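Asker: Quick one: the structure is below, and I'll ask about it shortly.
The values are calculated or read from the model by the stated rules, or taken from the named source; none is laboratory data. Everything numeric in this text was worked out from a predicted model, so none of it was measured. Glycine also receives a Cβ, built like all others from the backbone with ideal geometry; neighbour counts cover every protein chain displayed. Areas reflect the complete protein model, heavy atoms only, side chains present, ligands, DNA and RNA absent. Shrake-Rupley method; radii C 1.70, N 1.55, O 1.52, S 1.80 Å.
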Amino acid sequence: MSFVSIPFIYNGDSIPMDAVPVVGDAAFHQTIAELVESGGHLSAMLAAPKDDNFLILAVISAPKQEQIGLIATEVAKEYTSLTPECPAAQGFEREIFEQWGLKPQGHPWLKPVRFQPSRRTGKALPIGDADFFSMAGEDMHEVAVGPVHAGVIEPGHFRFQCHGETVYHLEISLGYQHRGVERSLVGGPDKRTIHYMETLAGDSTIGHMTAYCSAVESLCGLHPSPTAQNIRAIAAELERLANHIGDLGALAGDVGFLPTLNYCGRIRGDALNLTAMICGNRFGRGLLIPGGVLFQMDAKLRRQMRDRINILEADLDSAIPLMFDTPSVQARFEGTGALSADIACRIGLTGVAARACGLDHDVRSHFPYGAYRFDNIPISIYETGDCLARAYVRWLEVKQSIEFIRRQLDLPDSGAGSHPKINSLAPNRLAVTLSEGWRGQICHVAATDAQGKFAFYKVVDPSFHNWFGLAYALRGQQISDFPLCNKSFNLSYCGYDL
Amino acid sequence: MLRVLKARYEQKHRTMKYPSGPLPALPDRFAGRPEIKGPCPEDCRACIGACPVNAISINNKCIAMDMGRCLFCRVCVTACPHGMIMFARNHQLSATRRQELIVSTGSPVKTEILSETARDIFGRSLKLRQVSAGGCNACEADSNVLGTPAWDMGRFGIQFVASPRHADGLLITGPVTANMRLALEKTYAAVPEPRVVIACGACAISGGPYIDHAETINGASSVVPVDLFIPGCPPHPLTILDGLLRFLGHEIPD
């Protein structure tokens, strides 16, 4: 047990800002290390100005307690780095250094996270102007890719250190998508806030909007109706469905198995069209709003959607097992880009990638919110940690999502899916919300100032945890397996770059 | 092998007949081209106050909506007490001149976007390099989907290619972040002339939700000359396809 007693809150709860204990450097360090050691996940870590100094706040989601722990420390210029003991903190500490110049003593390498302007001075390093890992010797060579890639895909820079075909190290350098979202959220919410949330990672519109709405609802004491929760959950699972189907198709494409690639390309569109049936937009834009949803689902719409889900399921049953049963596909998936459960746990992997290593991490089960409080989705796990596992977990989740959507569609629309008017946010409070986006855990941390405006708003997309996992998975692989490994993670650039 | 053939049979031929056949179905709640029904009766400016991206302006009671900024969120529809703003189901939104994206009372229901140069040079083959410059992956996804069997834009000789050296033009998404500016300039320079530039989505046209952020530069035309604007957040694949086809002079039924 830790020697500091820290508050634990349920997912979507808020507490007064001053209820978060501000402890000394050693106690901060030790408490987090112990929580992570006992299975906790470092969901967020951020710095915020406090008087002349800074508050560093850590958010640890503890599946055993099914609650979220909060602890803070006050820092003037530097603090003891958590990274040597808790590698999951490496990205957060680099981010805090880049934003506020606070130095974690003992961090192995404070390289830039996204080349964003300093929140203190407004100055940014020129993008890509940084030291990169390098190797030297006979037959060593370096392959640099990006920021503009060969496909229709977001920009990022990758450097491979290779000996022959074998990759010894992959370094991923991002920041090309940085749009200044978190900075712009301060002082909100305002009329642009939901549009930032919807476009943080445009393929996870529902995932991020769920977390945002829940944070605002918690800060102003609103409770969305069961119907609104029902529609949100249907939309969230449709989002998962569409993206998993697209990924399964793209994985088939990356090993040259064209039937599944082509079928899934089309079926993915059918899934996006189901979301458009609810709100007119294939990505769920304009569907969620703090307090509820902006569109209803009457009995007729539910019936139509059920029919189309049945067709979609039949199409998938013809397209997907075909791929998994094909020996040439299995041969390429098996053992490629494998991560052990131990590494996954230590680097703080989340979502599909973590479950593919055998970790039973799923916000929907451990920190249930909305409709998931009443209808639990079993966690889909596979244990080999390789591309096969990441593909197969997606297929298991597709099937679970279809069943879940069917159950939710059977619930009647009580007509109370509309949204009440937003009151002003409670001042000086802190809200933490988690949602399970299709990539993994989404964490939003919102704090209000004395006027009830956002003093800070931290967004952690699952990609923030998982890019490091991709880099690690490439070690010892053939460079030609990079596209396959990359697609098996399919991480967001804009969700990371913000 | 037999299973592959069986699946092929089950999945059927799915490429849509459009444009020689009917329009693919749009969702019932689809928000297409904005329509302004008449002048603002009392100059209340509720729509202007509600719009997150300042897409609406009122001059002498005449309401004008800039589709290049609009996120199609429809908050203005709810805000207007007189019901003067609505979004029709019309998916044809593209324009070749920026000012033609501004819609007011009596605006034509579609804009002529044929580029004779583009038609004569690229009418039968247009290879595009896609550059995401701060895009959220929605515009990218709905551009990419045009390559799948259902849409199959390869039918029209349009294709996304892997290198700007192989391309006839760029399709740009995203508000163009400061961090992508140089990469976009270099990619543009790498495309051999003659070349076209297409700005796809509210971000690429005007900056979208990121208008006037210090970290972005308000869209593609701040860096490169844009030949075709395709509005939306994101544009529906049909809107993108319609824009590309009419730009190249293909026959499209109304």
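Asker: How well do other chains shield peptide A:283-292, expressed as the mean number of their Cβ atoms within 10 Å of each residue Cβ? The partial results should precede the final answer.
Answerer: Details: counts 8, 1, 9, 8, 1, 0, 1, 0, 0, 0.
Average neighbour count from other chains, rounded to a whole number: 3.
Asker: So, by mean Cβ neighbours within 10 angstrom, what's the order for A:134-146, B:6-18 with the highest one leading? Each step should come with its number before you reach the end.
Answerer: On the way: A:134-146: 11.3, B:6-18: 13.5.
Highest mean packing first, the order is B:6-18, A:134-146.
Asker: I'd like the distance separating the alpha-carbon centroids of segment A:424-461 and segment B:4-69, in whole Å.
Answerer: Centre-to-centre distance over Cα atoms comes out at 32 Å.
Asker: What does the structure give for A:315-328 when I average, per residue, the other chain Cβ atoms found within 10 Å of the residue Cβ? Before the final figure, lay out each step's value.
Answerer: Values: counts 5, 0, 2, 7, 3, 1, 2, 7, 1, 0, 1, 3, 0, 0.
Across A:315-328, the average partner-chain Cβ count within 10 Å equals 2.
Asker: Might you tell me the accessible area per residue for the protein assembly as shown, computed with a 1.4 Å probe and given in Å²?
Answerer: Working: 27340 Å² over 752 residues.
Result: 36 Å² per residue.
Asker: When the solvent-accessible surface of protein heavy atoms is calculated with a 1.4 angstrom probe, in what order do B:82, A:107 fall, highest first? Each step should come with its number before you reach the end.
Answerer: Working: B:82 75, A:107 25 Å².
Descending order: B:82, A:107.
Asker: Express in Å², to the nearest 10, the accessible area of residue A:50 obtained by rolling a 1.4 Å probe over the protein heavy atoms while all chains stay in place.
Answerer: 70 Å²
Asker: Membrane-span-like helices in chain A: DSSP H runs reaching 30 Å or more (Cα, own axis), mean Kyte hydropathy at least 0.0? Mind showing how you got there, number by number?
Answerer: Working: long enough: A:226-254 (41 Å, 0.04); A:258-279 (32 Å, 0.46); A:299-324 (37 Å, -0.18); A:387-409 (33 Å, -0.05).
Correct list, ordered by number: A:226-254, A:258-279.
Asker: At 222 nm, what helix-only mean residue ellipticity would the protein assembly as shown give, in deg cm²/dmol to the nearest 500, using -39500 (n - 2.57) for each DSSP H run of four or more? Let's see the in-between values first.
Answerer: Details: 24 runs with 259 residues, N = 752.
Helix contribution divided over all residues of the protein assembly as shown: -10500 deg cm²/dmol.
Asker: For segment B:72-77, what does the Karplus curve 6.51 cos²θ - 1.76 cosθ + 1.60, with θ = phi - 60°, yield as ³J(HN,Hα) per residue in whole Hz, taken in order and with x for Gly and Pro?
Answerer: Coupling constants for segment B:72-77: 6, 7, 6, 5, 5, 4 Hz.
Asker: Which whole-number percentage describes the relative contact order of segment A:8-105, with Cα contacts under 8 Å and a sequence gap of 6 or more?
Answerer: Numbers: 160 pairs, mean separation 27.8, N = 98.
The value is 28 percent.
Asker: Return the whole-Å distance between the Cα centroid of segment A:13-72 and the Cα centroid of segment A:158-225.
Answerer: Between the Cα centre of segment A:13-72 and that of segment A:158-225, the gap is 21 Å.
Asker: Could you pull out every residue, at least 5 positions away or on a different chain, whose amide H is within less than 5 Å of the one on residue B:103? Hs are placed 1.01 Å off N in the peptide plane, and Pro or chain starts have none.
Answerer: Amide H to amide H, under 5 Å and 5 or more residues apart or across chains, residue B:103 pairs with B:65, B:66, B:67.
Asker: To continue, here is another question. Which values, in whole Å and largest first, are the semi-axes of the equivalent ellipsoid of segment A:8-105 obtained as the square root of 5 times each eigenvalue of the Cα gyration tensor? Can you show the working numbers first?
Answerer: Working: eigenvalues 84, 52, 25 Å².
Taking √(5λ) for each Cα gyration eigenvalue gives 21, 16, 11 Å.
Asker: What size of dipole, in debye to the nearest 20, comes out for the protein assembly as shown about its Cα centre when the only charges are +1 on Lys and Arg C-beta atoms and -1 on Asp and Glu C-beta atoms? Show your work: numbers first, answer last.
Answerer: Numbers: 70 positive and 76 negative charges, 391 e Å.
Dipole size: approximately 1880 debye.
Asker: Moving on. Spelling out what I want: for every residue of segment A:67-74, take phi, set θ = phi - 60°, compute 6.51 cos²θ - 1.76 cosθ + 1.60 (Karplus), and round to whole Hz; glycine and proline get x.
Answerer: Ordered by residue, 3J(HN,Hα) equals 9, 10, x, 10, 8, 9, 9, 9 Hz.
Asker: Separate question: Give the B-A buried accessible area in Å², both sides summed, 1.4 Å probe, nearest 100.
Answerer: Values: alone 12760 and 19140 Å², together 27340 Å².
The summed interface area works out to 4600 Å².
Asker: If a/c stays under 1.5 just call it rounded; otherwise compare a/b with b/c (prolate if a/b is bigger, oblate if not). Do that for segment A:181-497, with a ≥ b ≥ c from the square roots of the Cα gyration tensor eigenvalues.
Answerer: Numbers: a/c = 2.16, a/b = 1.36, b/c = 1.59.
Judged from the Cα gyration tensor, segment A:181-497 comes out oblate (a/c at least 1.5, b/c at or above a/b).
Asker: Compute the separation of the alpha-carbon centres of segment A:240-269 and segment A:110-136 and state it in Å as a whole number.
Answerer: When both Cα centres are located, 35 Å separates them.
Asker: Please average, across the residues of B:177-188, the number of beta carbons from any other chain that are within 10 Å of each residue's own beta carbon, and give a whole number.
Answerer: Partner Cβ neighbours, averaged per residue: 6.
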